[in-house]
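Before any comments, here is the structure.
Please treat every number below as a calculation from the coordinates, not as lab data. It should be emphasised that the depicted structure is a prediction, and the values quoted were computed from it without experimental measurement. Cβ: placed from backbone, ideal geometry, glycine included. Neighbour counts: every protein chain shown.
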Amino acid sequence: MKASPSARSWIAAGVRHELLMRALPGLRHDMASPVSLMRMSLLMLRRQVSANPPDVAACEQRVGQVDEQLGMLIASMRALRDWELGADDEGVTRTGLVQQCTGLMRAAFDLNGIALELDPAFDADEAEAAKWHGGAALRYLMLGALCHLHDSAPEVGLIRVAPEDDAGVSIRAEKRPGDSARPEMVPHRAPRSLAIDAVSLQSLADDLGHAVRIERESVHLDLRAG
């Protein structure tokens, strides 16, 4: 029996939830880091205020640091809204999209002995500054491609990400010479039942309205909405 449109939407929603859970440690770190800095700055400010006489210049500097760190925290909290499908956005560049997604997954991939490498061509691409709307959908699609290769290529040691034509991204898994086998049990490794396989990735792409070409050791994304 073929899945109904509603069932296919639920499948895609489940894939998005799994990807969000995998990205959550990186998002949490981005939010926790300014909080830790704020606590340290406030501790130093308390000492400087209680000095006799207070160091006014140092206090003003600490207040400025707290204000800056608070701005970072607010920006991180507002960024969570960008994960909602349908939310208005100002658009995202191809390079910005790739850098954000690889940054969120780098620590988890490192635990599995998988390096993420960005093609130097992205530097020139950023200068073009072409922006693509639907950032939430593109983010899920990019994360899905990365996690698909992470889950599906058992001997992968390196994932290369490169621009492709004017509106595409190529993600390719490679085995690095001399690499030892990837550990089978690590904290960030998803159970096989939650692996992002080709069917899951294709379901996600179809639901988001983007073309994707899935090959044995590579995924090719089209940032243009279908």
Computed over the chain: relative contact order in percent, which uses C-alpha pairs under 8 Å that are six or more apart: 21
Segment 62-108: GluC sites (Glu not before Pro) falling in loop per DSSP and having at most 11 other Cβ within 10 Å: E84, E90
Computed lengthening from A32 to A167, 0.36 nm per intervening residue step minus Cα-Cα distance: 45.2 nm
Projected label distance in nm at M72 and A198, using a 7 Å step from Cα toward the beta-carbon: 4.3
3J(HN,Hα) from dihedral phi, segment 20-31, Karplus parametrisation 6.51/-1.76/1.60, rounded to Hz, x for glycine, proline: 5, 5, 6, 7, 4, x, x, 5, 5, 5, 4, 8
Inter-label distance, nm, simple model (7 Å from Cα along the C-beta direction), R216/A7: 3.2
Length gained when the stretch M21-L80 is fully extended (0.36 nm per residue, less Cα-Cα span): 20.0 nm
Under 20 Å from the Q61 label point (7 Å along Cα→beta-carbon), backbone N, segment 5-42: 37-42
In order through segment 108-119: 3J(HN,Hα) via Karplus (6.51 cos²θ - 1.76 cosθ + 1.60), integer Hz, x for Gly, Pro: 5, 5, 4, 4, 9, x, 10, 8, 10, 10, 9, 5
Shape category assigned to segment 89-151 from the gyration tensor of Cα positions, a/c cut at 1.5: oblate
Kirkwood-based Rg to Rh ratio, the chain, C-alpha trace: 1.07
Segment 1-90: relative contact order in percent, alpha carbon pairs under 8 Å with at least 6 residues between: 28
For V92, residues with placed amide H under 5 Å, excluding near neighbours: W132, H133
GNM flexibility winner over the chain from L37, L116, L24 (Cα, springs under 10 Å): L37
Gain on full stretching of the segment that runs from D119 to Q99 - 0.36 nm per residue minus C-alpha separation: 6.1 nm
Relative contact order (%) - segment 29-81, alpha-carbon pairs under 8 angstrom, separation at least six: 49
Residue-averaged 222 nm ellipticity for the chain, from DSSP H runs of 4+ at -39500 (n - 2.57), nearest 500: -19000 deg cm²/dmol
0 to 90° range, to nearest 10: angle between helix 198-208 axis and the chain longest Cα axis: 70
